[in-house]
Number of protein chains: 2
Amino acid sequence: MTLDLDLLPDGGVPWLDASGPDAAIVLSTRIRLARNLQGHVFTPRAGDGQRDEILTMVVAASRATPRLEQAVVINVDQLARLERQLLHERHLISKELAGLEGPTGVRHGAALLTTGDVGVMINEEDHVRLQVLMSGFAPSRAYAELERVDRELGGYVPFAFHPEFGYLTSCPTNAGTGLRASVLIHLPGLVLTKEIAKVLQGLTQVGLTFRGLYGEGSEVVGNFFQLSNQTTLGKSEEELLDHLGKIVRQVITYELQAREVLQRNAPTVIADKVWRAYGLLRYARSLSFDETMNLLSGVRLGVGLNLIGDLSVYTLNKLLVFSQPAHVARRAERALTDPDLPAIRADFVRALLDDDAQRRPRNGPAAEA
Amino acid sequence: MTLDLDLLPDGGVPWLDASGPDAAIVLSTRIRLARNLQGHVFTPRAGDGQRDEILTMVVAASRATPRLEQAVVINVDQLARLERQLLHERHLISKELAGLEGPTGVRHGAALLTTGDVGVMINEEDHVRLQVLMSGFAPSRAYAELERVDRELGGYVPFAFHPEFGYLTSCPTNAGTGLRASVLIHLPGLVLTKEIAKVLQGLTQVGLTFRGLYGEGSEVVGNFFQLSNQTTLGKSEEELLDHLGKIVRQVITYELQAREVLQRNAPTVIADKVWRAYGLLRYARSLSFDETMNLLSGVRLGVGLNLIGDLSVYTLNKLLVFSQPAHVARRAERALTDPDLPAIRADFVRALLDDDAQRRPRNGPAAEA
């Protein structure tokens, strides 16, 4: 089985269009609900036959669920590693479902059901993980969508629920609501003013946690952070989302203040940083992934500060997603270990930026100084 | 007295046009002859009155000399430091005549007589230093020009000459021919292949010496070297020039071979280096002088390798000269210590490159990959 991304509505990444609120700073909002089917052993301890059964049940139920009726089913366990990594890079499946680490690799029966914005991971750590991914900072809208899917699907495959503990999950840290909401947020201002450590420390004190671009255990690159709730138990979904929403709103305010301070105190330093990043992306012939993320961070800051005129956030988002290793390798039909990937990445980045620049007035960047 | 550079034919830098042989690698050829007037005490030991006398005599003689008839006279000792440095940055006067270092500063009676390409420094370490500066690698043509001036001027003010030692000079290391020929040469290939140390060592073994952009004691920046003869005594002018010519020709061959090796073995690394340099010059908002020279070196290599299409060597030469500290400061009417100079330099570099790019097809650099 080969992954055909064209089958996915919007290629599975509709949030790239940056149509959501505050989309220049908050790239996307993601919420997932961990669910398990009543009377079935948890996935990590289930045999192949039991996982097949779960898969069959969930797919059948989704066909009867209006919101999932048109969903594409991808049998992740039948994909090559490169394609599983690609789905992970699009944040469509977790590292766990993709089998990218751990001794077992990809699990028998691992599958993704997706409509592009709404997805169901099957046979992940839990039987079912419902997920919604939206552009910008949109926790309420995202949850409303997800809640509906949860209700509809749960009508066909009853979820294990305990009156005292709430939804039961394979790992107890997810029990209760089973909810994790996270935002992918870009905080270059706080990094440059060196306030980021203080802010991140503050987050953990109020029950939030932060991660890098690829979730748990991943490093922070390009000043992109995933902020999410730490606890899932003892509060209602609405309380959890309300709390996360307030804190993220505050982080956005801090970030904007930091940018103002930078613009006021060191305008040349900031403009220089931003335009150098643009110049390198536009002309380099070899780019590592980490450097690309760091340069994109600089350019994104420049767009946020109106230093770089009409470069679109859509283009920046595309660059972010499509310059990831599996994306670059797959586009060029190369292995992930191919030494030419940095050159291929640079060609792609240049072509996209050149295309964007074509649509701008001739001497845009240089004349705006 | 204020320096009016517009009075100088071609602003005193006709060699910028890159019209000479091998001008992409050898920026300029410079030859100077040290001369002293018979029966007059050497400049360092002369009093103000004696220096005035030398100045008057040489200027009067130059008026009767066809080649110097139209020369502009600049009383260097009446210029502000910034303007003296500016003349030095154009290689029109030595650091010594400009009084840029040493305890005495600028010397009374220090003056420059110049037609743009031919100049006479008066009251330098010697009474008279004749100098010619030409585009590219042109030692024979340069010397033919200079020899004529030497002969003509020497007809009016007889030079101190000893039948055994040749021309007498203030410092014995210049006695004999009084000739120093030097080429300003760009050797990025030899630097990148790490062969430069071997080549420079070889030069000293055959009686040549190397210096940085600003002559004796100056550091090498941007892979620009001044190669010149070490000895002035015991050989004829023709022998000295012939020897220098042969060696420089060989260095050019080595440099071209090194570039070929780089292009063959590491084309992506080289293209990346070259285009990153271009991207930074084109977009940076703050540039130190040293960084500018290093980036210009990368871009110049790119032009030499035909990686960067039709960026002219003339533009590169202008960038080299006009982004020097005194040039930047004077253009913006700022002090040499002004903290804004790096930003002003970046604006100038960008404007010049933008102007050059306007004259190229729309998607020149990015599409040439």
Q: Determine which member of the set A:Phe137, A:Phe159 is more than 18 Å from A:Met121 (Cβ to Cβ) and modelled with pLDDT of 95 or more.
A: A:Phe137
Q | Among residues of the stretch A:320-361, those that are surrounded by fewer than 17 Cβ atoms within 10 Å (Cβ to Cβ), aliphatic (A, V, I, L, M) and touching a residue at least 40 places away in the same chain (Cβ under 8 Å), counted | A | 2
Q | Matching entry among A:Asn294, A:Asn317 (being outside the structural domain of A:Asp22 (by TED's automatic domain parsing), farther than 26 Å from B:Leu295 by Cα and either surrounded by fewer than 17 Cβ atoms within 10 Å (Cβ to Cβ) or of a type outside the set (Lys, Arg) (or both)) | A | A:Asn317
Q | Subset of the stretch B:234-266 that is within 14 Å of chain A (Cβ to nearest Cβ) and either of a type in the set (A, V, I, L, M, F, W, C) or within 30 Å of B:Leu33 (Cβ to Cβ) (or both) - its residue that is surrounded by the most Cβ atoms within 10 Å (Cβ to Cβ) | A | B:Leu262
Q) From the list B:Gly49, B:Gly20, which residue is without any contact (Cβ under 8 Å) to a residue 60 or more places away in the chain and of a type outside the set (Ser, Thr, Tyr)? A) B:Gly49
(Q) I'd like to check something: does the stretch B:221-233 contain any residue that is within 14 Å of another protein chain (Cβ to nearest Cβ), within 30 Å of A:Arg350 (Cβ to Cβ) and among the polar types (S, T, N, Q)? (A) no
Q: Within the stretch A:62-93, work out how many residues are over 21 Å from A:Gly105 (Cβ atoms) and touching a helix residue (DSSP H, G or I) at 6+ places or on another chain (Cβ under 7 Å).
A: 9
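Residues being among the acidic types (Asp, Glu) and more than 7 Å from chain B (Cβ to nearest Cβ): count how many of those fall in the stretch A:272-299.
From the stretch A:272-299, those among the acidic types (Asp, Glu) are A:272, A:290-291; that's our starting set.
Narrowing further to those that are more than 7 Å from chain B (Cβ to nearest Cβ): A:290-291.
Number satisfying all stated conditions: 2.
Restricted to the stretch B:185-215, and to residues that are over 28 Å from B:Ala277 (Cα atoms) and of a type outside the set (Gly, Ala, Ser), which residue is surrounded by the fewest Cβ atoms within 10 Å (Cβ to Cβ)? Explain how you work it out, then say what you get.
Taking the stretch B:185-215 as the starting set, the residues that turn out to be over 28 Å from B:Ala277 (Cα atoms) are B:201-209.
Subsequent filtering for residues that are of a type outside the set (Gly, Ala, Ser) retains B:201, B:203-206, B:208-209.
Working: B:Gln201: 9, B:Leu203: 20, B:Thr204: 11, B:Gln205: 7, B:Val206: 13, B:Leu208: 21, B:Thr209: 16.
Ranking the qualifying residues of the stretch B:185-215, first place goes to B:Gln205.
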**Q.** Candidates B:Gly302, B:Gly245, B:Gly234, filtered to the one that is small (Gly, Ala, Ser) and not assigned by TED's automatic domain parsing to the domain that holds B:Ile185
**A.** B:Gly302
Q: All but one of (1) of a type outside the set (Ser, Thr, Tyr); (2) buried (at least 18 other Cβ atoms within 10 Å of the Cβ); (3) at pLDDT 90 or above hold for A:Leu16, so report the exception by its number.
A: (3)
Q) Looking at (1) in contact with a Lys or Arg (Cβ under 9 Å, 6 or more places away or on another chain); (2) within 23 Å of B:Pro14 (Cα to Cα); (3) modelled with pLDDT under 95, which is the one condition that is false for B:Gln131? A) (3)
Q: Identify, by number, the condition in (1) of a type in the set (Val, Ile, Thr); (2) closer than 22 Å to B:Gly20 by Cβ; (3) without any contact (Cβ under 8 Å) to a residue 24 or more places away in the chain that B:Thr104 doesn't meet.
A: (2)
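Which residue out of B:Leu200, B:Leu190 is at pLDDT 95 or above, more than 29 Å from B:Thr115 (Cβ to Cβ) and over 17 Å from the mean Cα position of the chain (by Cα)? Spell out how you get there, then give the answer.
Numbers: B:Leu200 fails: at pLDDT 95 or above.
Every option except B:Leu190 fails the conditions.
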Q) Yes or no: B:Thr253 closer than 30 Å to A:Gly302 by Cβ, modelled with pLDDT of 95 or more and of a type in the set (S, T, N, Q)? A) no
**Q.** Given (1) surrounded by fewer than 21 Cβ atoms within 10 Å (Cβ to Cβ); (2) among the hydrophobic types (A, V, I, L, M, F, W, C); (3) modelled with pLDDT of 95 or more, index of the condition A:Val220 fails
**A.** (3)
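Quick one: is A:Val269 within 24 Å of A:Val220 (Cα to Cα), surrounded by fewer than 18 Cβ atoms within 10 Å (Cβ to Cβ) and either in contact with a strand residue (DSSP E or B) (Cβ under 9 Å, 6 or more places away or on another chain) or facing another protein chain (nearest Cβ under 10 Å) (or both)?
On the way: within 24 Å of A:Val220 (Cα to Cα): yes; surrounded by fewer than 18 Cβ atoms within 10 Å (Cβ to Cβ): yes; either in contact with a strand residue (DSSP E or B) (Cβ under 9 Å, 6 or more places away or on another chain) or facing another protein chain (nearest Cβ under 10 Å) (or both): yes.
Yes, satisfied.
Checking the conditions here, which among A:Ser28, A:Ser62 is buried (at least 22 other Cβ atoms within 10 Å of the Cβ) and either not polar (S, T, N, Q) or not in a helix (DSSP H, G or I) (or both)? Walk me through it before giving the result.
Values: A:Ser62 fails: either not polar (S, T, N, Q) or not in a helix (DSSP H, G or I) (or both).
When all the criteria are applied, what remains is A:Ser28.
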Q. With respect to B:Ala98, is the statement that it is small (Gly, Ala, Ser) and more than 22 Å from B:Leu184 (Cβ to Cβ) true?
A. no
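Of the residues that sit in the stretch B:328-345 and are small (Gly, Ala, Ser) and part of a helix (DSSP H, G or I), which one is farthest from the chain's Cα centre (by Cα)?
Step one: list which residues in the stretch B:328-345 are small (Gly, Ala, Ser), which gives B:329, B:332, B:335, B:343.
When the remaining residues are screened for being part of a helix (DSSP H, G or I), the result is B:329, B:343.
On the way: B:Ala329: 20, B:Ala343: 25 Å.
Among residues in the stretch B:328-345 that are small (Gly, Ala, Ser) and part of a helix (DSSP H, G or I), the one farthest from the chain's Cα centre (by Cα) is B:Ala343.
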Q) What tally of residues in the stretch A:264-315 results from selecting those that are in a helix (DSSP H, G or I), over 22 Å from A:Ala18 (Cβ atoms) and in contact with a Phe, Trp or Tyr (Cβ under 7 Å, 6 or more places away or on another chain)? A) 3
Q | Count - residues of the stretch B:189-225 that are within 22 Å of B:Pro172 (Cα to Cα), touching a Lys or Arg at 6+ places or on another chain (Cβ under 8 Å) and outside any loop (DSSP other than H, G, I, E, B) | A | 1
Q) Would you pick out the residues in the stretch A:216-247 that are under 30 Å from A:Ser288 (Cβ atoms) and hydrophobic (A, V, I, L, M, F, W, C)? A) A:Val220, A:Val221, A:Phe224, A:Phe225, A:Leu227
Q | Tabulated pairs, the stretch B:72-83, first among the basic types (Lys, Arg), second at pLDDT below 95 and surrounded by fewer than 16 Cβ atoms within 10 Å (Cβ to Cβ), C-beta under 6 angstrom, 6+ apart or interchain | A | none
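The values are calculated or read from the model by the stated rules, or taken from the named source; none is laboratory data. Small disclaimer: the values here were computed from a predicted structure and weren't measured. Please note: Cβ atoms are built from the backbone with ideal geometry, for glycine as well, and neighbour counts cover all protein chains shown.
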